[in-house]
Amino acid sequence: MRTLSVLAALMTLPALAADPAAAAPNPFFADWKTPFGVPPFAEIIEDHFLPALKEGMVRQKGEVAAIAALQAAPTFENTILGLELSGQFLDRVGSVFFNLTGAETNPQLQAVNRAVMPLMAAHRDDIHLNAQLFQRVKAVWDQRANLKLAPDQARLLENTYKGFVRAGAALTPEQQLRMRAINAEQSKLGVDFSDRVLKATKAFQLVVETPADLAGLPEGVRMAAAAAGKKAGKDGKWLFTLDGPSIWPFLEYAQNRALRQRLLTGYLERCNQGGDTDTNAIVSRVASLRVEKAQLLGYKTWAHFVLEENMAKNPKGVYGLLDQIWMPALEVAKKERAELQAMMAKDLPGTKLEPWDWRYYAERVKQAKYDFDEETVKPYFAIDKVREGAFAVAGRLYGITFTEVKTIPVYQKDVRCFEVKEQDGRHLGLIYVDYHPRPGKRGGAWMSNYQGAWIKDGKKVDPVVVNVCNFTAPAGDRPALLTSDEVRTLFHEFGHGLHGLFYAGRYRGTAGTPRDFVELPSQVMENWSMEPEVLKLYARHYKTGELIPDALVAKMKKAATFGQGFATVEYMAASLLDMDWHTLTDPKPQDTAAFEKASLAKWGLLAEIPPRYRSPYFSHIMGGYAAGYYSYIWSAVLDSDAFQAFKVKGNLFDPATAAKFRNEVLSKGGTEDPALLYQRFRGRDPKVEPLLEKRGLK
């Protein structure tokens, strides 16, 4: 599209000089000569970020000031497209900085984060609360019916206008001052919360000195704990932490009940014991600020504000879905509890089942009922083979290929990078994979971008995506052997990666999707991971190369719905807790512990099942998933229904269905209403029944 001359001028504003005091030339102020233009990680040091981020803010302020000062009448091209093109330098620096603060942080980066987040909050406010700029945006919005915009242009206009209004552009000057103060305080609280959760998580250690206390633990778990102990300077001892690959196997297999209690208590009581890692006051304050901010903007609650932009539309839509699943899941969980209690009575007559007993006796019951032990499948789930399996599924579905490129810079030695090509050999993008825990990586798993796809100056900008996880690490001479849950997580995050790789929209501002739709591309990939036909593509014994036996696959499939009551209830308890926090109507401070206790009691959560996340370390809802943690179950309805489209064809790799899913969902991003995208793919609205059947809740 041809742009007005002012837009060309915006992109050629003179750059400020790099900080002359920098210890090394700042690579953010130069063109990157790396393969595919990826970040030159080895050249970037912590001192480079703050001056580059500040420069990015200066540049974008100049760009938007030029738009606001235009004498020409506001148009889509000179105002909306101008804003879309602004901030590219800031985005370039920010993509590297914020990815590293999640995956490879350190005290210096944390200090930069504390310094820059209030500046970024103020920067966003300076743009959105610029009255002159908003009047231009509003003028284009008001004439939208006569502009004959393409669907993606109309979506970009809507996103831009709503972005200003939802940031407070239509408020009075006095209200805007208060909005600025709220945003500044929230930015500081968010950084403080994240730092405290990371510190508390990494600080906890369970050191086992007596071999007898390892009874029940599989060999691989012992080896990993011994390696962790040695790395921590505790030779001859076994170290267990709150990282997923360490805590969950211990709770599933360790016979020592007292140690199970100690480890789970350490997990549940993180950030809840006073001192410099306690977050209760932060959680309460953020909840209060969100109520105030929502009501400043004319919404009853923070959930009403957030959900207006999601498929659910309002709290009633969320609770309506959760209600359909909560009671069936709770009833199944009660039956599971009875089975576990009966098994426990054989070991400890008269002893009540507790949260630290659930996973241990669940494994015992599963073995007794289905003759299936998770440890029997792990040798077939070597991490490289699982990754190759995920790549193979994408290849079968979409014709794409993955080739490792070892000349590409990486930010940590264990990170690997793969070039992705279309079936005809055209370059599609890059995907980094970063799979194992380390001290500077936050918990969980996620996908992000170092560069998003869009069309710049008529040419496609190729995506660079990253999958970051915390999977079981290699131990001794054994490769990393994954659990079934870790296999599903690898496929899940890879699905997010495909969404980023396939986006074919023209604009950066239409790439994102609502929270309750964005999990569809990830969760639908999980469905392929454990299909017998797909297991034959990657599940080979790490020593012998033998394909996973049909008998073992049959056992695994038979046991697939076991424990779904627990899994669904612990997840939904966290979702309901999130919604309760964000449907508060009074901004008065809350006693965090008392509020959480009342919320969970109201829903009848079983005492033996803690919520997946408790308030003091519920990072999802302190960030972008506030009033949105329900999204995983909302998207689970979509993904279960979407996978049925392949199942009914009798071909898990049906090319027509795959092409339709890519073209109507994966490539569209947020260019259109997600409900319409799904309807075009499926030919109708989604149904909840496939999810209930898949989880054994019906």
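The values are calculated or read from the model by the stated rules, or taken from the named source; none is laboratory data. Given the structure is predicted, the values throughout are model-derived calculations rather than measurements. Cβ atoms come from the backbone with ideal geometry, glycine included; neighbour counts cover every protein chain shown.
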Exercise. Can Pro107 be described as out of contact with any Asp or Glu (no Cβ under 7 Å at 6 or more places or on another chain) and either without any contact (Cβ under 8 Å) to a residue 12 or more places away in the chain or at positive phi (or both)?
Worked result: yes
Exercise. Can you name the number of the only condition in (1) under 22 Å from Val468 (Cα atoms); (2) polar (S, T, N, Q); (3) in contact with a Leu (Cβ under 7 Å, 6 or more places away or on another chain) that Gln205 fails?
Worked result: (1)
Seminar exercise, completed: In region 238-284, anything more than 26 Å from Val468 (Cα to Cα) and surrounded by fewer than 18 Cβ atoms within 10 Å (Cβ to Cβ) is listed as Gln255, Arg257, Ala258, Gln261, Arg262, Thr265, Gln273, Gly274, Gly275, Asp276, Asp278, Ala281
Exercise. Do we find a residue being in the same structural domain as Met117 (by TED's automatic domain parsing) and under 27 Å from the mean Cα position of the chain (by Cα) anywhere in region 59-80?
Worked result: no
Exercise. Looking at (1) touching a Ser or Thr at 6+ places or on another chain (Cβ under 8 Å); (2) part of a helix (DSSP H, G or I); (3) buried (at least 22 other Cβ atoms within 10 Å of the Cβ), which is the only condition Val420 fails?
Worked result: (2)
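For every residue, the table says whether it meets (1) outside the structural domain of Pro315 (by TED's automatic domain parsing); (2) in contact with a Cys (Cβ under 7 Å, 6 or more places away or on another chain); (3) among the polar types (S, T, N, Q); (4) more than 28 Å from Arg442 (Cα to Cα).
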{"residue": "Trp603", "(1), (2), (3), (4)": "no, no, no, yes"}
{"residue": "Tyr617", "(1), (2), (3), (4)": "no, yes, no, no"}
{"residue": "His620", "(1), (2), (3), (4)": "no, no, no, no"}
{"residue": "Gly624", "(1), (2), (3), (4)": "no, no, no, no"}
{"residue": "Trp634", "(1), (2), (3), (4)": "yes, no, no, no"}
{"residue": "Lys647", "(1), (2), (3), (4)": "yes, no, no, yes"}
{"residue": "Leu666", "(1), (2), (3), (4)": "yes, no, no, no"}
{"residue": "Pro674", "(1), (2), (3), (4)": "yes, no, no, yes"}
{"residue": "Gln679", "(1), (2), (3), (4)": "yes, no, yes, yes"}
Problem set entry | Test: residue in region 276-293 that is of a type in the set (Lys, Arg), assigned to a loop (DSSP other than H, G, I, E, B) and within 25 Å of Gln186 (Cα to Cα) | no
Exercise. Looking at Ala333, Ala312, which is the one that is at pLDDT 95 or above, assigned to a loop (DSSP other than H, G, I, E, B) and touching a Phe, Trp or Tyr at 6+ places or on another chain (Cβ under 8 Å)?
Worked result: Ala312
For this session: Might you check whether a residue that is of a type in the set (D, E, K, R), assigned by TED's automatic domain parsing to the domain that holds Val524 and in contact with a Ser or Thr (Cβ under 8 Å, 6 or more places away or on another chain) occurs anywhere in region 403-412?
Result: no
Exercise. For region 604-619, what are the residues that are crowded, with 20+ Cβ neighbours inside 10 Å and within 26 Å of the chain's Cα centre (by Cα)?
Worked result: Leu605, Ile609, Pro611, Tyr613, Arg614, Ser615, Pro616, Tyr617, Phe618
Exercise. Filter region 151-200 for residues that are within 22 Å of Gly440 (Cβ to Cβ) and among the polar types (S, T, N, Q); which is surrounded by the most Cβ atoms within 10 Å (Cβ to Cβ)?
Worked result: Ser194
Exercise. Between a first residue in region 672-691 that is in contact (Cβ under 8 Å) with a residue 24 or more places away in the chain and a second residue that is hydroxyl-bearing (Ser, Thr, Tyr) and assigned to a loop (DSSP other than H, G, I, E, B), which pairs have beta carbons less than 7 Å apart while being 6 or more apart in sequence or on different chains?
Worked result: Pro674/Thr513
Problem set entry | region 366-383, residues that are closer than 23 Å to Arg257 by Cα and part of a helix (DSSP H, G or I) | Lys366, Gln367, Ala368, Lys369, Glu374, Glu375
For this session: Return the total of residues in region 418-442 being under 21 Å from Trp454 (Cα atoms) and of a type outside the set (Val, Ile, Thr).
Result: 13
Exercise. All but one of (1) more than 30 Å from Asp580 (Cα to Cα); (2) outside any helix (DSSP H, G or I); (3) touching a residue at least 60 places away in the same chain (Cβ under 8 Å) hold for Glu363; which doesn't?
Worked result: (2)
For this session: Could you grab me the full set of residues in region 37-56 that are more than 18 Å from Ile408 (Cα to Cα) and not aliphatic (A, V, I, L, M)?
Result: Glu46, Asp47, His48, Phe49, Pro51, Lys54, Glu55, Gly56
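For (1) in contact (Cβ under 8 Å) with a residue 24 or more places away in the chain; (2) basic (Lys, Arg), each residue gets a yes or a no:
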position	(1), (2)
Ala145	no, no
Tyr161	yes, no
Ala167	yes, no
Leu171	yes, no
Gln186	yes, no
Lys202	yes, yes
Leu206	yes, no
Glu219	no, no
Gly233	no, no
Problem set entry | Meets criteria (assigned to a loop (DSSP other than H, G, I, E, B) and without any contact (Cβ under 8 Å) to a residue 40 or more places away in the chain) for Tyr299 | yes
For this session: Considering each of Ala254, Ala294, Ala287 in turn, give the residue that is within 25 Å of Arg438 (Cβ to Cβ), small (Gly, Ala, Ser), modelled with pLDDT of 95 or more and in contact with a helix residue (DSSP H, G or I) (Cβ under 6 Å, 6 or more places away or on another chain).
Result: Ala254
Exercise. Of all the helices (runs of 4 or more DSSP H) wholly in region 609-698, which have at least 1 residues that are touching a helix residue (DSSP H, G or I) at 6+ places or on another chain (Cβ under 7 Å) and β-branched (Val, Ile, Thr)?
Worked result: 619-622, 631-647, 655-661
Exercise. Within the bounds of region 605-614, is there any residue that is of a type in the set (Ser, Thr, Tyr) and closer than 16 Å to Glu570 by Cβ?
Worked result: yes
